[in-house]
Amino acid sequence: MSSERPLSDNRAGGGKTADELIQQNTRLSDNLSSLLPTGTDMQTAVAGFANLGEFVAAAHVSHNLGIPFDALKAQMLKGDSLGEAIHALNPDADARAEGRKARAQAKRELGSS
């Protein structure tokens with residue numbers, strides 16, 4: 001699953017970090033807060049992700065599969081790809097299909113924000 005290509009958000013980011021981008025985009029932040037546990041601090045949630053696309057995809061996977069976001073984030077930040085993290089936390093899920101689905105959701109979300 002290491003052949004997964006990371007979602008990038010270079011379209012308007014101008015080299016900004018994921019946490020800077022999420023802070024500037026309140027609409028996206030509000031949309032994502034509905035996917036994460038109530039009371040989640042968005043700046044804390046996005047911290048550590050290489051790009052905004054990976055964070056958004058992880059939020060969708062967490063929501064779609066009922067995987068705790070913190071556990072998914074921890075797997076990804078230790079070096080697992082999104083698919084590897086899905087497989088580690090939910091071995092019965094089709095990690096490739098779920099990863100593709102979440103990446104498509106993230107792409108739509110980032111395109112509409």
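Values quoted throughout were computed directly from the atomic coordinates according to the rules given, and no laboratory measurement underlies them. Computed from a predicted structure; not experimentally measured. No Cβ is skipped: glycine too gets one built from the backbone with ideal geometry, and neighbour counts run over all protein chains shown.
Things to note:
- The peptide list 88-94, 76-82, 33-39, 100-106, put in order of mean Cβ contacts within 10 Å with the highest first, becomes 100-106, 76-82, 88-94, 33-39.
- Degrees separating the helix 95-112 axis from the principal Cα axis of the chain, which is the longest one: 10 degrees
- The range 18-84, relative contact order [Cα under 8 Å, separation at least 6], %: 30 percent
- Axis angle, to the nearest 10 degrees, between helix 52-65 and the longest C-alpha principal axis of the chain: 50 degrees.
- Environment charge of Lys78, counting only residues whose C-beta is closer than 15 Å and scoring Lys/Arg +1, Asp/Glu -1: -3
- For the chain, alpha-carbon Rg and Dmax in angstrom: 12.8, 39
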